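Inspection log for the structure reproduced underneath, given as structure tokens.
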Amino acid sequence: MTPLRPYERFDTLRQFLEHEGHVLRFYGIWDDTETMFGDVREVALHYFLADDTIEIKEVIPINSGRDAVPLFLNRQKLPKYAPPGIFQPGTITDRTVLNVFGGLVGNKGRYILDNRKTGAVYQEFYKDSDLRIGSTINVWGRKILLCDCDEFTKEYYKTKYGVKDFTPVPYKTPPSLKIERQIPPYSGFGSEEDSLCSCVGLLPKPPQKDFKKFMEKDRQGLESNILRFLAQPITPDPIDKDRKFLISYYLSDDTISVFEPPQRNTGVIGGKFLERNRIKKPGQELYKSELSEYYTAKDLYVGAKVCFHGHIFLLVDADEYAFNYMEKHANEFAMANINIILNKLKAIGEPRSREIKQIFAASDPQNTTMIDYDDFRNVILNISDGKLSEHEIMTMGRYYSVRLENEMDATYLLAVSQEYLKKNNFENFGQLLAALAYGDREKCGLLASDKCRTVCKSFRLPLADDLLRALLAACEDCKEQVNYKKLVDGLNWREHPIPAFQTILMPLQYEDGWRGEPPTLPVKKIKYLPLIEDVFGIKD
């Protein structure tokens, strides 16, 4: 019942098993401003419930100049009252030992445990009940104010001690006002982007170009990625009103060039009107810090008014490639998006839908369900009251147009083509026929239309692309196959000449095939019933 060597048992296994991995986290500050070069330093205190030890880490800001030490305080039990000095070894122990007999040296000494702990030194350590938001703890002479805690800590104190107030103490210094970089205004030398790069760093670098866009939108084979528009100047001068300009927009780098085709008996010498370059929009200050706004592809459409360095132009037409490109990328060009146009037309004409149907019916007295494009344009202008642009009307006309196969006479197209070949002295018909025959692997005398167009382009056939497409479309059969021998014989103006027409309506070849004249296959007839059905629905 009474052992000879009484001892005290310390059972910490239960606490370890219940709270292993449970850590209370507090956020606090250490105000060290009283010392020289001292400042307020943020710390994070971790209290381990498994063994009542405390660990403190310092939150070191970026670029503060301080060394990133691992810990501010190693994991240990933290005494509440720091001793005046350092304890000698053996002073603080779990058990007190008494020397009852013998000296300190030798084998005859006798030692027993002191049950009364008469010589023990007691220390009071911080417990979880001592930690509160707003309290100050003593960390070996450094006063740390606890300002906030995490959600687990709040739930722990709410469950065990019934604490409900967790109002944090503001401890973070307000962020300093960010000084905005002031860019000096544009000096006028070089481009704006080049001048801006000299303000960014000490070693100026050339402005970065959109290389990805250049690779995607640069000329690739038969895809020119150039939008061409026919423009007329807006000027009170009666002589300049009749001038025509060809505006080319290059999608690869957003540059614009303006060319004036030569016209006979006008007294104006044609040629390059504006060098290829990016053009600023009017109404902007010249010398300013911000970059100027330039014309983009979305700003160019049929019916738009543009101002290039003080010259105002009205875009009156575009080539077939521009229409096809804008309709293909309708999500980028609202003027060529048929869904947006129909919704706009529906919002305009919904209150008087019955009247609009009667207007369309009056334009078709013979009940053919088709009307001419000019009548269709007049009806849309009357309905929209000028709220739809010319390009939007043309997009609807192209979408609901009547497209007939072989609309142009093949003989007429061959006659026009022979005139162009004769003017350019093209006589390599034997080599052209041999190249087409080489592409005919099956030796059937027929070749696909796209392959014929590729071979003709490789021979630099002096025909406009619209004319070549129309000619191949007129010569192909139902399977889109072209009898290339018959085609070459028809183009051979030496052996099979065709009487030339007195008036040639086809456009002259100029700058990749378009000079601003109307397209080869213009829209003639419009089916208005599908348009009414899509906009207003089917109603009796």
For region 457-499, what is Rg from Cα atoms divided by 2.2 N^0.38 Å, rounded to two decimals? 1.21
Can you work out the FRET efficiency for the pair Ser292 and Lys117, with r the C-beta to C-beta distance and R0 = 60 Å, to the nearest 0.05? 0.10
Got a sec? How would Val97, Val416, Val379 order by Cβ neighbour count within 10 Å, fewest to most? Val97, Val379, Val416
Exposure-ranked with fewest Cβ neighbours within 10 Å first, His311, His496 stand as His496, His311
Burial ranking of peptide ranges 446-456, 53-63 (average Cβ count within 10 Å, highest at the top): 446-456, 53-63
Report the far tail of the P(r) of region 325-374, meaning the percent of Cα-Cα pairs longer than 11 Å. 73
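Enter the per residue convex hull volume of region 140-179, computed from alpha-carbon coordinates, in Å³ rounded to the nearest integer. Could the numbers behind the result be given before it?
Values: hull volume 5.1 nm³, N = 40.
Looking at region 140-179, the number lands at 127 Å³ per residue.
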Which of the residue pairs Lys57/Lys77; Lys281/Lys328; Lys127/Lys164 have a Cα-Cα distance greater than 24 Å in the structure shown? Lys281/Lys328
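Take the alpha carbon gyration tensor of region 201-256, find the square roots of its eigenvalues, order them as a ≥ b ≥ c, and report rounded if a/c is under 1.5; if not, report prolate when a/b exceeds b/c, else oblate.
Here region 201-256 falls in the oblate category.
For every helix of n ≥ 4 consecutive DSSP H residues, a contribution of -39,500 (n - 2.57) applies; sum these over the chain, divide by its total residues, and give [θ] at 222 nm rounded to the nearest 500 deg cm²/dmol.
Result for the chain: -8000 deg cm²/dmol, rounded to the nearest 500.
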Neighbour cut-off at most 11 other Cβ (10 Å), DSSP loop, chymotrypsin sites (Phe, Trp or Tyr not before Pro), region 15-77: Phe37
Seen from all sides and averaged, what is the projected area of the convex hull of the Cα atoms in region 261-389, in nm²? 12.8
With label points built 7 Å along Cα→Cβ from the Cα atoms of Glu124 and Met215, find their separation and express it in nm. 7.3
Ranked output for segments 325-335, 118-128, 256-266 by mean other Cβ atoms within 10 Å, highest leading, reads 325-335, 256-266, 118-128
Which lysines have a Cα lying under 18 Å from the Cα of Lys244, excluding residues fewer than 8 positions away in the same chain? Lys272, Lys305
What percent of all Cα-Cα pairs in region 154-255 falls in each 10 Å bin, counting up from 0? 10, 16, 16, 18, 11, 10, 10, 6, 3, 0
Compute the distance from the alpha-carbon center of region 188-243 to that of region 387-402, in whole Å. 29
Do you know the relative contact order of the chain, to the nearest whole percent, from alpha carbon pairs under 8 angstrom that are 6+ apart? 9
Tell me, what HN-Hα J-couplings in whole Hz come from the Karplus equation 6.51 cos²θ - 1.76 cosθ + 1.60 at θ = phi - 60° for each residue of region 197-209, using x for Gly and Pro? 5, 6, 9, 8, x, 6, 9, x, 10, x, x, 6, 9
Around Gly38, under 10 Å between beta carbons, what's the net of Lys plus Arg minus Asp minus Glu among the other residues? -3
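Among residues other than Phe323 whose Cβ falls under 13 Å from its Cβ, what is the net charge (Lys/Arg +1, Asp/Glu -1)?
Summing Lys/Arg as +1 and Asp/Glu as -1 gives -4.
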Please work out the FRET efficiency for the pair Thr369 and Ile234, using the Cβ-Cβ distance as r and a Förster radius of 41 Å; give the result to the nearest 0.05. 0.60
Size of the dipole of region 321-429 about the Cα centre, Lys and Arg at +1 and Asp and Glu at -1 on the beta carbon, nothing else charged, in debye to 20? 340
Give the cross-link partners of Lys443 among the lysines, using a straight C-alpha distance below 18 Å as the criterion and excluding same-chain residues fewer than 8 apart. Lys451, Lys479, Lys485, Lys486
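None of the figures in this text is laboratory data; all of them are computed from the coordinates on show. Values in this document were obtained by computation on a predicted structure and should not be read as measured data. Using ideal geometry, Cβ is built from the backbone for each residue, glycine included, and neighbour counts are taken over all protein chains shown.
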